[in-house]
Amino acid sequence: MTWRKISGRQRAGRLAAGLAVLAAVAGLGVLAASWRPAIAPVAVPDPASVYPGLVQRGAALAATGDCAVCHTRTGGAAYAGSRPLPTPFGTIYATNITPDPETGIGRWPLSAFRRAMRQGVSRDGHHLYPAMPYTHYARMTDGDLAALYAFLMTRRPVAAEAPANALVFPLNFRPELAGWKLLFLRSGPFVPDPGRSAEWNRGAYLAEGPGHCSACHSPLDRLGGERGGALAYSGGSAEGWTAPPLDGRNPGAARWTAATLETYLRSGASPGHGAAAGPMAPVVRALADAPQGDVRALAVYADWLMHGAAGGAAGPAGPPPPDRAEAAAGAHPRGALLFAGACSGCHDEGAAGLAGTTDLALPGPENALRAIIGGIAPPVDRTGAAMPPFAASLGDGDLAELAAYLRLRFGDGPAWDPARITAAIAAARTEETAE
Amino acid sequence: MTLSLLINGSPHQVDAAPDMPLLYVLRDHLGLNGAKYGCGMGQCGACTVQIDGRAAYSCITPAAAVQGRRVTTIEGLSAKDGALSPLQHRFSPRR
């Protein structure tokens, strides 16, 4: 028995040692497989040498792709980076993509820029975190990437080093990203559908490629990969806000049309649906600089996502859900009183009427409370939908009463969970104080 | 309805509709005319007061929402000896 025991232990020891060696070898293999060479730096291109037409085309793509939204910190120079991007895995700081030779991409040749956009690899060979949506940019054409490169290389160089990322272990070890890419970086160039209109194809290309709409409007799995298939565009989240579904599951799907979607994308608001807020506000601001035809194409594609993709008929504008003013006032008298004093001056009826508002029809109260607490800044040229912040006007208890009232009156769905309302208020307040 | 309000450190009992904007209560019931009516939509800031120490638009704040909270108007910014605060001084015609 003794002999057998020792032998067993020895065998286990050998097995463990063997496994350790195997793991080490496998680890080295992964490291080797994850390794990417540096691409030699070049002299900063002379902006005067770049064809202006290419720059213009790149500018339109940068607007549709919202590059500046992430690559500009609040109050900072455009494209100079350093904006903190909160992710479930920690905070990532956007890099400087101005042509500064030391801290930006000034010494990147086009080949390095193309590799970063398609494979998520920096010029010096390190892997980029997928907060940079290269799974989408991989679909862009060579010509568009060259145009975007021309646009960025003709920006004013700004010397600015992004702060170090603050990610949880072990995600702060970049070579692991090679494994993530094996799982999720599968997109090739965009393939047009010859059976559909040129406008649809343009919209699909812009949405799936540079626009990366589904990066926020699709759910993510636990590894941060976008859910595809039937879950694509079924709604996701961004910076604590809910990104509503863009498919038939959108609460206003029956009332959205290509025309109203275009109005929304161009102006930041659509009557009967609401205004762009949170992370969508800068997207709309950027789209204001995009060619009108491109915005129209995006609207055509979004309309198809909502009505055509699942085989459903294109939805003619239906009536908004009913206004249940009396029932809501009966159930939440305090909320009705607060609505009368704080909201009804603007939201009584007409363009700012709340019936059908997406944020009040979503299953959770997060967006509505964030908009009420932090307000909505007019997204385009300081015109358009605007709402003052109510952070100082209303206490937490009153905010909760108001939310419950709004949901019952305009929401067209089951009551919001009170615990979730409380949590949403706390989260929105924390963010509001931080800014 | 009687509302109990704490304005510039003093308690007040005001008989007003609970959904009346705080601005109207201040001006019409308490004679505190420092906060002005500008746009009535929480955009211009002429009606600004402090609620629990934070700037708020009084034109879109229902009076009922500030019961039990500290409201400070521009009249309440002076020092105890009556000396004008820098903000009051800037608005004063005698400066």
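Scanning segment A:205-257 for residues that are open to solvent by 20 Å² or more (accessible area, probe 1.4 Å) and assigned to a helix (DSSP H, G or I), we see that the one that is nearest to A:PRO291 (Cα to Cα) is A:GLU208.
So that you can scan it fast, the table gives a plain yes or no per residue for (1) at pLDDT below 95; (2) among the small types (Gly, Ala, Ser); (3) under 22 Å from the mean Cα position of the chain (by Cα):
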residue: A:ALA386; (1), (2), (3): yes, yes, yes
residue: A:LEU394; (1), (2), (3): no, no, no
residue: A:GLY397; (1), (2), (3): no, yes, no
residue: A:TYR405; (1), (2), (3): no, no, no
residue: A:PHE410; (1), (2), (3): yes, no, no
residue: A:TRP416; (1), (2), (3): no, no, no
residue: A:ARG420; (1), (2), (3): no, no, no
residue: A:ALA423; (1), (2), (3): no, yes, no
residue: A:GLU435; (1), (2), (3): yes, no, yes
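For A:GLY188, the criteria (1) more than 23 Å from A:ASN96 (Cα to Cα); (2) exposed (fewer than 15 other Cβ atoms within 10 Å of the Cβ); (3) more than 22 Å from the chain's Cα centre (by Cα) hold in every case but one, which is (3).
Could you list, in sequence order, the residues of segment B:50-62 that are within 7 Å of another protein chain (Cβ to nearest Cβ) and part of a helix (DSSP H, G or I)? Please lay out each step first, then the result.
Pass one, segment B:50-62, residues within 7 Å of another protein chain (Cβ to nearest Cβ): B:51, B:54-57, B:60-62.
B:ILE60, the sole residue that qualifies.
A Cβ distance below 9 Å, combined with a sequence gap of six or more or placement on separate chains, defines the contacts here; from segment A:326-340, residues that are more than 11 Å from chain B (Cβ to nearest Cβ) reach residues that are outside any helix (DSSP H, G or I) in the pairs A:ALA331/A:ALA415.
Restricted to segment B:13-31, and to residues there that are among the aliphatic types (A, V, I, L, M) and within 9 Å of another protein chain (Cβ to nearest Cβ), the residue that is farthest from the chain's Cα centre (by Cα) is B:ALA17.
Before we move on, is A:ALA77 within 25 Å of A:ARG174 (Cβ to Cβ) and either among the β-branched types (Val, Ile, Thr) or assigned to a loop (DSSP other than H, G, I, E, B) (or both)? Explain how you work it out, then say what you get.
Details: within 25 Å of A:ARG174 (Cβ to Cβ): no; either among the β-branched types (Val, Ile, Thr) or assigned to a loop (DSSP other than H, G, I, E, B) (or both): yes.
No, not satisfied.
Within the set A:PRO45, A:PRO99, the sole residue that is assigned to a loop (DSSP other than H, G, I, E, B) and farther than 30 Å from A:GLY278 by Cα turns out to be A:PRO45. The residues of segment A:18-49 that are within 16 Å of A:LEU152 (Cα to Cα) and either among the acidic types (Asp, Glu) or surrounded by 12 or more Cβ atoms within 10 Å (Cβ to Cβ) (or both), listed by number, are A:VAL42, A:VAL44, A:PRO45, A:ASP46, A:PRO47.
Looking for something open to solvent by 30 Å² or more (accessible area, probe 1.4 Å) and either touching a Leu at 6+ places or on another chain (Cβ under 6 Å) or within 12 Å of chain A (Cβ to nearest Cβ) (or both) - is there at least one such residue anywhere in segment B:4-11? First the steps, then the outcome.
The initial filter retains those residues of segment B:4-11 that are open to solvent by 30 Å² or more (accessible area, probe 1.4 Å), namely B:4, B:6, B:8-11.
Adding the requirement that they be either touching a Leu at 6+ places or on another chain (Cβ under 6 Å) or within 12 Å of chain A (Cβ to nearest Cβ) (or both) leaves none.
There is no residue in segment B:4-11 that is open to solvent by 30 Å² or more (accessible area, probe 1.4 Å) and either touching a Leu at 6+ places or on another chain (Cβ under 6 Å) or within 12 Å of chain A (Cβ to nearest Cβ) (or both).
Of everything in segment B:64-83 that is more than 7 Å from chain A (Cβ to nearest Cβ) and hydrophobic (A, V, I, L, M, F, W, C), the residue that is farthest from B:LEU6 (Cα to Cα) is B:ALA83.
Is it true that some residue in segment A:188-204 is assigned to a helix (DSSP H, G or I), over 23 Å from A:ALA60 (Cα atoms) and touching a residue at least 24 places away in the same chain (Cβ under 8 Å)?
No, segment A:188-204 contains no residue that is assigned to a helix (DSSP H, G or I), over 23 Å from A:ALA60 (Cα atoms) and touching a residue at least 24 places away in the same chain (Cβ under 8 Å).
Of everything in segment A:175-185, what is surrounded by fewer than 16 Cβ atoms within 10 Å (Cβ to Cβ) and small (Gly, Ala, Ser)? Give them in sequence order. Within segment A:175-185, A:GLY179 is the sole residue that qualifies. Here B:CYS47 meets the list (1) within 12 Å of another protein chain (Cβ to nearest Cβ); (2) under 14 Å from B:LEU6 (Cβ atoms); (3) surrounded by 15 or more Cβ atoms within 10 Å (Cβ to Cβ); (4) of a type outside the set (Val, Ile, Thr) almost entirely, failing just condition (2). The residues on offer are A:ALA419, A:ALA391, A:ALA415, A:ALA385, and the sole one that is over 23 Å from A:ALA352 (Cβ atoms) and part of a loop (DSSP other than H, G, I, E, B) is A:ALA415. Taking the criterion of being more than 8 Å from chain A (Cβ to nearest Cβ) and either open to solvent by 50 Å² or more (accessible area, probe 1.4 Å) or within 22 Å of A:PRO378 (Cβ to Cβ) (or both), the residues of segment B:32-44 that qualify are B:ASN33, B:LYS36, B:TYR37, B:GLY38, B:CYS39, B:CYS44.
In this structure, is B:GLY68 open to solvent by less than 40 Å² (accessible area, probe 1.4 Å) and at pLDDT below 95? Reasoning before the result, please.
Working: open to solvent by less than 40 Å² (accessible area, probe 1.4 Å): no; at pLDDT below 95: yes.
When the stated conditions are applied, B:GLY68 does not pass them.
Is it true that A:THR135 is at pLDDT 90 or above, in contact with an Asp or Glu (Cβ under 8 Å, 6 or more places away or on another chain), open to solvent by less than 50 Å² (accessible area, probe 1.4 Å) and over 18 Å from A:VAL42 (Cβ atoms)? Criteria met by A:THR135.
When A:TYR405 is tested against (1) within 26 Å of B:GLN50 (Cα to Cα); (2) in a helix (DSSP H, G or I); (3) within 14 Å of chain B (Cβ to nearest Cβ); (4) open to solvent by less than 20 Å² (accessible area, probe 1.4 Å), only condition (1) is not met.
Residue by residue through segment A:351-383, note down the ones that are within 13 Å of another protein chain (Cβ to nearest Cβ) and modelled with pLDDT under 85. Those that are within 13 Å of another protein chain (Cβ to nearest Cβ) and modelled with pLDDT under 85: A:ALA352, A:ALA377, A:PRO378, A:ARG382, A:THR383.
The values are calculated or read from the model by the stated rules, or taken from the named source; none is laboratory data. Only a predicted model underlies this, so the values are computations on that prediction, with no experimental measurement involved. FYI the Cβ positions are ideal-geometry reconstructions off the backbone, even for glycines, and counts take in every protein chain you see. Each accessible area value is taken on the protein alone, full model and side chains, heavy atoms only, with ligands, DNA and RNA left out. Shrake-Rupley method; radii C 1.70, N 1.55, O 1.52, S 1.80 Å.
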